[in-house]
Amino acid sequence: MIKATCIDSEGKPAQISQSKWLEKDKEYHIIKITIHKNQNNIQGCELAEISLDESCLPYEYYKLDRFAISKDDLEALIELMKLSSELNDIEIGELIKESELTIL
C-alpha cells in the first residue's frame, strides 16, 4: 500500500455516488495501479479505503493524477506497478515517465 493524498476531488462523474468519492487533502492508500485501455490509456488506481463498484460504471478506478505521494514512497509505487498483472516493464517505464502523479 502506498500513502497518497488527494489533491483533486473536482469533477465527480454523475455515475459515482458522493459516498464513493474522494475528499481533497484526505490521505488514502493505493493498492493497485492500472492503465485504462478503454479510456484513452489514462492511469488509474484502486484504493484501500473506498472502491468503485458496478453502480459506478464505466468508472472502475480513480485517476492516478488526483493524488500526490511522498518522494519516500516512489520506490514502493514502482514495486506496486510491477505487481499489477496487466502492466509489463515497458508500460511501467512509460507510466512513470508520463505520470502526472504529484511527488511531494
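Read the figures in this text as sums done on the coordinates, not as results from a lab. Computed from a predicted model, the values in this text were never measured in an experiment. Quick reminder, even Gly has a Cβ in these numbers, built from the backbone with ideal geometry, and neighbours come from all protein chains shown.
Data overview
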read-out	value
Charge sum, other residues only, whose C-beta stays under 14 Å from ASP73's C-beta, Lys/Arg counted +1 and Asp/Glu -1	-2
Cα-projected label distance for ASP53 with ASN40, points at 7 Å along beta-carbon direction, nm	3.0 nm
Gained length - GLU27 relative to LYS12, 0.36 nm times residue gap less alpha-carbon distance	3.6 nm
